[in-house]
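Undergrad: Quick one: this structure, given as structure tokens, is what I'll be asking you about.
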Amino acid sequence: MAELLEEQRESWGTRGGFILAAIGSAVGLGNLWGFPYKLYSYGGGAFLIPYIIALFLVGIPIMILEFSIGHYTQRAAPDAFKRGHKRFEMVGWWGIVLAFVIITYYPVILAYCFSFLWYSIVGIFTGGELPWAGEGIEGVENAKHFFNETYLGKTDGPSLGSIRWNIVWPLIITWAAMYFCIFKGVKLVGKIVWLTVPLPWLMLLILTIRGLTLEGSMQGLAYYLDPVWSELAKPITWRYAFGQVFFSLSLAYGVMITYASFLHKKSDINNNASIISIADFATSFVAGLAVFATLGGMAYVTQLGDNPVAVEQVAETGPSLAFVAFPYALAQLPYSAWFSFIFFFALVTLGVDSAFSMTESILASIVDKTGWRRCIVLPVMTVVGFLFGLIYITQGGFNWLGTIDGFVNGTWGIAFMGLLECVVLGWLWRIKTLRRHANSHSDWKLGPWWDYSIRMVIPVVLGALFFWQLFDDIFGDGFLRTPEGEWILPNCVGLSIVALVPVVAVVLSLIRGRKDIVEQEHPEQNLPIGGRREGAIAFITASIIAVLLILWLTVPISETIKQVILWLLLLGGIFAMLLSNHVLDKHHTSTSQASWLARWAGIIATMDISASIAIILLGLVKAEEAEVTTAPIRDTLSGVSYIILAVVFLIIIGGLGWCFYRALAAGKDSGIQHPDEIGD
Ligand code: PFF
């Protein structure tokens, strides 16, 4: 496997600089804008179960994986993957192209935040009146009207309409801010994040304390935390939870690989990844407390007057929560313009470092590959990103933004990319080398369980979610065409974009790169191959199961026989996967390499298992759907919610406490030196 590149790469100033930059990327609009409304819409406190499972099962292990490969190779995603095999370069580009799609619309949401920040400042100077203010339920309509009509000029249907010139300026400001944050390289980024990370946390703290001390805040928290257990039986809840973990931790877009590539050689990996992931979760959770406590305060105030408004009447606005429900709630409370300023300032500072992390990752990938100068590539990217952004600031742009975000951040885009990353690194690379590398640079060590989770557990979970969505879309009605046979344009475009991403990735990987980087040798390629026979058995078994699964889906036979066959196929898949895993464990040593048949058999077998589980889940959920969803009691926080609160705080405080304790202990006695200690 490739050695660390000897070439001197730019590096973060300090450990703190790197941690904050990675937190800055992770903690963004997804936390304050996305998490609260998703949690509210998909089961309240119950949503935390899939979310926490996703965080610990998939989020933290993949973040460690991305840090290890970035740090090990000291290269941005495409080149980092290429170190394993030249054909893997396209996997790196896949994530980068997805990041490019996001960078076309993420700054648009930031531009909305800049506009609302401006309205709040004007409000402060003009006596506290906000342009969306209004009373009672008509006030809610006012706020909706202000955002949808006055600001977005929104039209229904797929046509784009004309550009909204009022959003052009904020979009220019957003891109300019991103440009100036990164134009000097990561050293400057490492300094800027000392401002853009703590500042929004301070704002959030103010909003949370203010929200929790409002009369009626418990009413809002009941909506946020009271669990609706039946939501757990819906695939969409799980898909959103996993998708949100990926998006929120900035995983699978190559960002964390790129950031880790600038990390000093002697930096910690495992502990940093855990601190960053838990801090991100803490921010999301506290953001939700702030938002819903304030909505509760609003409900209480309006209930004192003639025009009562319940939390659910405003919270149902979904993605518009940050631009309709919350601004409306603030407008009902004292010092509305000031708190509105604090809220949008928090959003802007949260979002800007996430946005530039994507730009940095794309930029580093291009620069690493071509050797072109940053000072030329960055302005070009800025202009191109801005021009694409114009599509989303048309009258129909907001609807398109939602659709494309759904595809890119959903199962079709990001979960699939995460799956690909794990199978390539788990089965085709030598994952043990990455684990050893991570461990030799960490305050605490990973066990072999990590190899198995990257190789088997995560691909099976993500694969099951992927197939679940796929079967749901294919067999459900109205995905690409209405029952009347008309094409559903937004879904067709969304699907085409995610389908085009790998094509673009392949093309980019085929372009010849710079000549001054010497291709690394792969010494293990010359090692003798072991486990050919077991590999062939596993490969044949896994392939036959794949064919049988396709037949299972298409050939009509009796239900009972089908069920028996399905479970047999699942068992067969598990056998093939474990056999392949055994071959890799036994033959990936310093003196031999595992047969490629076994490696590919592992991948096919994990997909067999995922597909079988997805089919089983599909059947189970259909049976569940008949059940009636019972609405939780909404006016006080239930006992279960207090337990949920306690568990979440325990996870956050216990998790972070343990990580910091390990960092301190390791600093004292393990001999790991951090960049801060050794200087630059
Ligand atoms: N993690 C960011 C958020 O939660 O808003 C969004 C994001 C940043 C996604 C960087 C992807 C990425 F590469």
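Nothing in this text is a laboratory measurement; each read-out follows from the coordinates by a stated rule. Since this is a predicted model, take the numbers as computed values, not measurements. Virtual Cβ from ideal backbone geometry, glycine too; neighbours counted across all protein chains shown.
Undergrad: Calculate the dipole size of the chain relative to its Cα centre from +1 charges on Lys and Arg beta carbons and -1 charges on Asp and Glu beta carbons; express the result in debye to the nearest 20.
TA: 2180 debye
Undergrad: Now for a different question. Excluding E138 itself, what net charge comes from residues whose Cβ is under 15 Å from its Cβ, given Lys and Arg +1 and Asp and Glu -1?
TA: -3
Undergrad: Further question: How do V547, V101, V384 rank when sorted from fewest to most other Cβ atoms within 10 Å of their own Cβ?
TA: Details: V547 9, V101 23, V384 13.
So the residues, fewest neighbours to most, are V547, V384, V101.
Undergrad: If you average 1/r over every pair of different alpha-carbon atoms in the chain and take one over that average, what Kirkwood value in Å do you get? Before the final figure, lay out the partial values.
TA: On the way: mean 1/r = 0.0383 Å⁻¹.
Across the chain, the inverse of the average 1/r is 26.1 Å.
Undergrad: How do the peptides 644-654, 590-600 rank, highest first, by the average count of neighbouring beta carbon atoms within 10 Å per residue?
TA: Per-residue mean Cβ counts within 10 Å order the peptides as 590-600, 644-654.
Undergrad: Can I ask one more? Say the dipole of the chain comes from +1 at the beta carbon of Lys and Arg and -1 at that of Asp and Glu; which of A233, I488, S610 then lies farthest toward its positive end?
TA: It is S610, whose Cα lies furthest towards the positive end.
Undergrad: Then there's this: Would you please put 367-373, 425-431, 480-486 in order of how densely packed they are, using the mean number of other Cβ atoms within 10 angstrom per residue and starting with the highest?
TA: Working: 367-373: 15.9, 425-431: 22.7, 480-486: 9.3.
Averaged packing, sorted descending, gives the order 425-431, 367-373, 480-486.
Undergrad: Separate question: What lysines could a cross-link reach from K38, if we take a straight Cα to Cα line under 24 Å and drop same-chain neighbours fewer than 8 places away?
TA: The reachable lysines, counting only those whose Cα sits under 24 Å from K38, are K144, K154, K234, K622.
Undergrad: What's the center-to-center distance, using Cα atoms, between the range 260-283 and the range 327-379 in Å?
TA: 20 Å
Undergrad: How high is the relative contact order of the chain, given as a whole-number percent (alpha carbon pairs under 8 Å, six or more residues apart)?
TA: 25 percent
Undergrad: Continuing with this model, one more query. Leaving out same-chain residues fewer than 8 places away, which lysines sit with a Cα under 22 Å from that of K265?
TA: Qualifying lysines at Cα under 22 Å: K82, K184, K187, K191, K369, K432, K445, K668.
Undergrad: Here's something else I'd like to know. Multiply the residue separation of K184 and E141 by 0.36 nm, subtract the distance between their alpha-carbon atoms, and state the gained length in nm to one decimal.
TA: Here the answer is 10.9 nm.
Undergrad: Next up: Could you please report the charge total around G402, scoring K, R as +1 and D, E as -1 over all other residues with beta-carbon less than 14 angstrom from its beta-carbon? Please report the intermediate quantities before stating the final value.
TA: On the way: positive: K38, K154; negative: D156, D405.
Net local charge, G402 excluded: 0.
Undergrad: Calculate the spin-label point distance for E215 paired with L387, positioning each point 7 Å from the Cα along the beta-carbon direction, and give it in nanometres.
TA: Result: 5.8 nm between the two label points.
Undergrad: For V547 and K266, compute 0.36 nm times the residue count separating them, minus their Cα-Cα distance, and round to one decimal in nm.
TA: Fully extending the segment from V547 to K266 adds 96.4 nm.
Undergrad: Once the other residues with Cβ under 14 Å from the Cβ of F246 are scored (Lys, Arg +1; Asp, Glu -1), what is the net sum? All intermediate terms of the calculation are to be shown ahead of the outcome.
TA: Numbers: positive: K38, R239; negative: E66, D280, D405, E421.
Cβ neighbours under 14 Å give a net charge of -2.
Undergrad: Just from its helices, what would the mean residue ellipticity at 222 nm be for the chain, if runs of 4 or more DSSP H residues each count -39500 (n - 2.57) and the sum is divided by every residue, rounded to the nearest 500 deg cm²/dmol? Please list the in-between numbers first.
TA: Details: 29 runs with 458 residues, N = 680.
Theoretical 222 nm ellipticity from helices: -22500 deg cm²/dmol.
Undergrad: Please list, in chain and number order, the residues 5+ apart from G530 or on another chain whose amide H is under 5 Å from its amide H, with Hs placed from the backbone.
TA: Q593, A594, S595
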